[in-house]
Structures are given as structure tokens and as C-alpha cells.
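Peer 1: Got a structure here, written out as C-alpha cells. Questions coming.
The values are calculated or read from the model by the stated rules, or taken from the named source; none is laboratory data. Computed from a predicted model, the values in this text were never measured in an experiment. Cβ placement follows ideal geometry from the backbone for every residue including glycine, while neighbour counts extend to all protein chains displayed. Note: areas computed on protein heavy atoms with side chains; ligands, DNA, RNA excluded. Shrake-Rupley method; radii C 1.70, N 1.55, O 1.52, S 1.80 Å.
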Amino acid sequence: MAQVLVCGLINIETTLKIDGFPIPYTPARYPFFGVNSTVSGVGYNIALALHTLGDRVDFLSLVGDDFAGKQVLDGLRDSGIDPDRVLARLRSTPQSVILYDGDGRRSIHTDLKDVQEQVYPVEVFEAALGECSLAVLANVNFSRPFLQLARRAGKPVATDVHAIGDLEDGYNRDYMASADILFQSDENLPVSPEDWVRQVLNRYGPEIVVVGLGAEGALLGVRSDRFLERVPAARVRPVVSTIGAGDALFSSFVHFYHQSRDPYDSIRRAVLFAGY
């Protein structure tokens, strides 16, 4: 069983099911069983998926000492994830609101509160790093200083830069330069996914690059094998929502690849996991 360090955002997420985009104005709606709130955030989604798949997860994050923060810590305990390294150092716990329709389209609104200005204690990170065999560092600011610490410690780094559109993106460049396993979405790419992966491999040189293609599946690039090929989506049941599908793809790939070092089997398993 692998010990995986996950450092990333956790928040309270409220989802609202709508009839479709664009949204016509109406003073009141009553979407019965269409509004739900739960613990979420990229870091939590990854930690939960890895825990579900059987990994030992050391989760590092920041919350506020408020009602939402207590909900987050209770949610972690209920999920079987140790909350000891989720520290109450924010003025308020981040929250998000996501609107989604029956076709799987979604509109995400995230209030990060003051998380981007806060620092996670390096000594806590280093203690967790010494115990892990893989560091999953989500692209939130408090993870940024840990990229080079993980590299210097010889730990493989996995990250997801999500809907990126610029090879020299100032916010995500550090993550792209440090990743051994690099994921992103095709939603904002300025070129075809294949051209994008070639550019990423040439510019940053990660061993594995995956582009999530939504309903079309995923594109896998493997530097050492000069491999670049698409893997179709697994349509195992009707689409309810695409919220969190990218996190499911990323975390399940990381789990299977960390076990087997076989990127081809891992991407097939990850597409199935995300589709389900």
C-alpha cells in the first residue's frame, strides 16, 4: 500500500442543478433535491479518491476556524482521512458554488477567501514528505514552495494545472516545470491537444503528460517512449454531472501508475474510474 502526500485545497461546495445555459432570469426557483452542499476542493477530491482506491493518504491543507472549517474536519473524519495536517489558519474556509445542467456542462464559482496569501508550515510538510513515496501537489499557492523541496528529496511530483491556455502561464509555470506527471484539461488550449503535449514535452520535459478531453476521453503522452495517443472515454452509465471528473481521472491514474509504472494500463483504468 503506497503512502501518498496530497497538498491542496479543501472547501465547502454547493452545487445547483439548472435546466440549461444560459440561465434565464427568474426571481425564484424550487429545484427539489437540486441543491447540495458537501466537502470538496481539488485536494480533497484527490485525497478521497486515493483513499478509496486503497492508498494511505497524508493530506495537507488549510481551513478557517469557523463553521465551514468544522464541517470540513468532520467530513474528513467521516471519509476516513486523518485531518491532523489540515490546519485552521485562514480567516474563513473557502467555498464554491457550481451550476450544472443535464448535459454535463458546469459553471464553477470559487471563493478562495485568504488562502492564496497564507503559508503552510514547511516543517509539517517536510515531516509528511519523509514518510511518502509520491507527492501530489495541487496548484494552490501554499503548495508552490514544496515543489522544489519534493524534487530535492527525490520524490516524484504529480500535479494538475486544469484549464490552462498558455505554455508560459505565470501562475502554473512552476508546477509544469516540476511535475513528473502533469495533467491538464483541453478546455482552454490554444492548439490541438496533440500539439499542446508536444510543446509541453519540449518545454518542460515531464515523463507523463495527460490532457483530459471530457466526453472524448484523454490524451496520453509518454516522453521516454515517444508515445502520443488518445484513449476513448468509458461510458458506463448516464452522465449525471461532470463536476470532479478531471480530479477522478488524475487521482486514479496516479494511483495505478504509482503501483505499476505502466502508463498505458493506468490511463485505461483511470478513464474507466472517471467515467463511472
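Peer 1: Is there a quick way to get the dipole size of the chain? I mean about its Cα centre, with the Cβ of Lys and Arg at +1 and of Asp and Glu at -1; what is the value in debye to the nearest 20?
Peer 2: Values: 26 positive and 35 negative charges, 56 e Å.
It works out to roughly 280 debye.
Peer 1: Sticking with this one: Work out the length of the dipole vector of the range 112-203 about its Cα centre, built from +1 on the beta-carbon of each Lys and Arg and -1 on the beta-carbon of each Asp and Glu, and round it to the nearest 20 debye.
Peer 2: In total the dipole reaches around 300 debye.
Peer 1: At a Förster distance of 30 Å, what's the computed FRET efficiency of Thr38 paired with Leu272, Cβ-Cβ distance as r, to 0.05?
Peer 2: 0.80
Peer 1: Report in % the part of the accessible area of the range 126-276 that belongs to carbon and sulfur, leaving out ligands and nucleic acids; probe 1.4 Å.
Peer 2: Numbers: 3260 of 6780 Å².
Exposed carbon and sulfur together represent 48 percent of the surface.
Peer 1: Translational diffusion coefficient, Stokes-Einstein: compute it for the range 156-240 using the Kirkwood radius over C-alpha pairs as Rh, at 20 °C and 1.002 mPa s, and state it as an integer in µm² s⁻¹. Numbers along the way, then the final one.
Peer 2: Working: Rh = 13.1 Å.
Answer, rounded: 164 µm²/s.
Peer 1: Return the percentage of antiparallel bridges among DSSP beta bridges fully within the chain, rounded to the nearest 5 %.
Peer 2: Numbers: 22 of 51 bridges.
Within the chain, antiparallel bridges account for around 45 percent of the total.
Peer 1: When all protein chains stay in place, what accessible area (Å², nearest 10, 1.4 Å probe) is found for Glu131?
Peer 2: Spelled out: Glu131, probe radius 1.4 Å, area about 100 Å².
Peer 1: Then there is this: Per-residue accessible area for Lys113 at 1.4 Å probe radius, Å² rounded to 10?
Peer 2: It works out to around 80 Å².
Peer 1: Turning to a different aspect of this structure: Please compute the per residue accessible area over the chain with all protein chains in place, 1.4 Å probe, rounded to a whole number of Å².
Peer 2: 48
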